[in-house]
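Take a look at the structure set out below.
The values are calculated or read from the model by the stated rules, or taken from the named source; none is laboratory data. Being a predicted model, the structure only gives us computed values, none of them experimental. Reconstructed Cβ throughout: ideal geometry from the backbone, glycine too, with neighbour counts over all protein chains shown. Keep in mind that these areas ignore ligands, DNA and RNA; they rest on the heavy atoms of the full protein, side chains included. Shrake-Rupley method; radii C 1.70, N 1.55, O 1.52, S 1.80 Å.
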Amino acid sequence: FDVMGKLGGEKGFKTFLKNMNAEGVTVYPEVDLIHVYDDKLFDGFSPNKHAVQTLGKTQSVIYDKNLATGINPLGEFKNFHPRWAISTNYYEKFAAEFFKDYEKYDNKYISIGSYGNTLNSDYYEKKTIDRTQTSRVMAELLAKYKEEGYDIIVEKGYSHVLPYVDTVLNIAMGSSKLVY
């Protein structure tokens, strides 16, 4: 967990948290524990090993673009962020690494939006994982961090995360009216 230099880096973030705490403001940093946005040499992430494998036996890479037009909705390449979906087989490892780093900030508040709105399957032949298994892994991880005293926010809030989170953002207020 590295705080962006634009945010003041580690020292600036600690100062920010201290100042917000003094003002009685709760800070929920947003992290995405199930996608990798930037792969650098020797960073511990290998797309061949850690990324979700699709049915077509390729790595799952998510692109932010309008599928109808093929255009990046943000308009500029510098804002275009393709990302790899991490295999569920590595959720626990990557979450543990993140929370170990995050402990030094002494902030028990976190927003893990993607845990509430994303469920992946992984079709790697030796370790195939379906969405139901992924939901169980996510629920177990959230239960663990809730038990450790974290106040957790997610987005949209699939039912498997609801018992373990404190706040759900952008929850659906209607139904798709899809009947099974």
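Considering all different alpha carbon pairs of the chain, the Kirkwood hydrodynamic radius works out to 18.1 Å.
Accessible surface for L141 stands near 10 Å², nearest 10, in the context of the full protein assembly shown (1.4 Å probe).
Multiplying the residue separation of Q59 and D166 by 0.36 nm and subtracting their alpha-carbon distance yields 35.2 nm.
Across the chain, the longest piece that holds none of the GluC sites (Glu not before Pro) lying in DSSP loops with up to 10 other C-beta atoms within 10 Å covers 24-75.
Taking the helices alone, the chain has a mean residue ellipticity at 222 nm of -8500 deg cm²/dmol, built from -39,500 (n - 2.57) per DSSP H run of at least 4 residues and averaged over all its residues. Compactness of segment 1-58 was expressed as the Cα radius of gyration divided by 2.2 N^0.38 Å, which yields 1.63. Using a ≥ b ≥ c from the Cα gyration tensor of segment 131-180 (square roots of the eigenvalues), is it rounded, prolate or oblate, where a/c under 1.5 gives rounded and otherwise the larger of a/b and b/c decides, a/b for prolate? Judged from the Cα gyration tensor, segment 131-180 comes out oblate (a/c at least 1.5, b/c at or above a/b). For the chain, the antiparallel share of DSSP beta bridges with both residues in that region comes to about 50%. Site-free segments of the chain were taken between trypsin sites (Lys or Arg not before Pro) in DSSP loops having at most 16 other Cβ atoms within 10 Å, sites themselves excluded; the longest one is 66-107. Here the accessible area of the chain is 53 percent carbon and sulfur, with a 1.4 angstrom probe and all protein chains present.
Which of rounded, prolate or oblate describes segment 78-149 when judged by the alpha-carbon gyration tensor and an a/c cut-off of 1.5? Oblate is the answer for segment 78-149, as a/c is 1.5 or above yet b/c matches or exceeds a/b.
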